[in-house]
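All remarks here apply to the structure that follows.
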Amino acid sequence: MADGRHLLRAEPADRIARESEVDRVTLEPHRIAEMAVAWEDLAPQDIVATACDLFGDRLTLASSFGLEDVALIHMAANVARRPLDVFCLDTGVLFPETYSLMKRFEDLYPIRLRRITPELTLAQQEEQHGAALWSREPDLCCKLRKVAPLGRALQGYTAWMTGLRRAQGPTREGTRAVEHDERHDLCKVNPLVRWSDEEVWAYVRSEGVPYNPLHERGYPSIGCVHCTRAVALGEDARAGRWAGFTKTECGLHI
């Protein structure tokens, strides 16, 4: 772990913070690109430890409480020096099992969980856009209930951590261990990027990390109730998201 944690010591985080006019760690895109090369072969645990050490309380972890996210919370909670900042985009239509798991993690782990809700309630959304928007214009529904709230969730932070993996599908094959998030001008850290499905499951089971029981009922990817179904044997892991549409991403990572 020591090798990974010292990769970025050429310009210490506290020095960068002192020199920053806005009192935040600032990493230029070219430096983030250098970090991506340096971090590529690190174990996920080392990437998590390095990010927590470098960014401190300016790091937040995005969690939908899927399998990757619970693994990351467990890893980070073991190395963070302070309660871990975690946010969930609570659309108001998550599965009951997801809400139960969120509460369980709050009880078990030293985290500060922020539930980020949309500007519009479900009733207000129906009034403005009609009933069951997700069944007619899922892109707009995701924009209102996930993409826009994400911007608010990231305000005041320098970096965010996600559970993105290359094995999750074609749209994520080019994901790096650390990237420049151009939309929000932040550093985006993806510790599990090289792991396979089997590696994530092996870690969760070996560490005894709680996970959503829907994963064992045919739901490899879990989103909102209305836009997630179980997948059949042999189907792509994300085939159960927005079934009936060509849509495969909610818009948070594209």
Evaluate E = 1/(1 + (r/R0)^6) for E173 and A38, where r is the Cβ-Cβ distance and R0 equals 25 Å; express this FRET efficiency to the nearest 0.05. 0.75
Here FRET efficiency (C-beta to C-beta, D236 to R112, R₀ 30 Å, nearest 0.05) is 0.30
Considering just Cα atoms, how many Å³ per residue does the convex hull of region 2-216 enclose? 137 Å³
Projected convex hull area of region 64-159, Cα atoms, direction-averaged, in nm², equals 7.0 nm²
Size descriptor, Kirkwood hydrodynamic radius, that averages inverse alpha-carbon separations across region 103-250, Å: 17.5 Å
Relative exposure of F105, F95, judged by other C-beta atoms within 10 Å (fewest first): F95, F105
As a footprinting exposure proxy, order V70, V79 by other Cβ within 10 Å, with the fewest listed first. V79, V70
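Every read-out reported here was derived from the displayed coordinates using simple, explicitly stated rules and does not represent laboratory data. The model shown is predicted, which means the values in this text are computed figures rather than measured ones. Cβ: placed from backbone, ideal geometry, glycine included. Neighbour counts: every protein chain shown.
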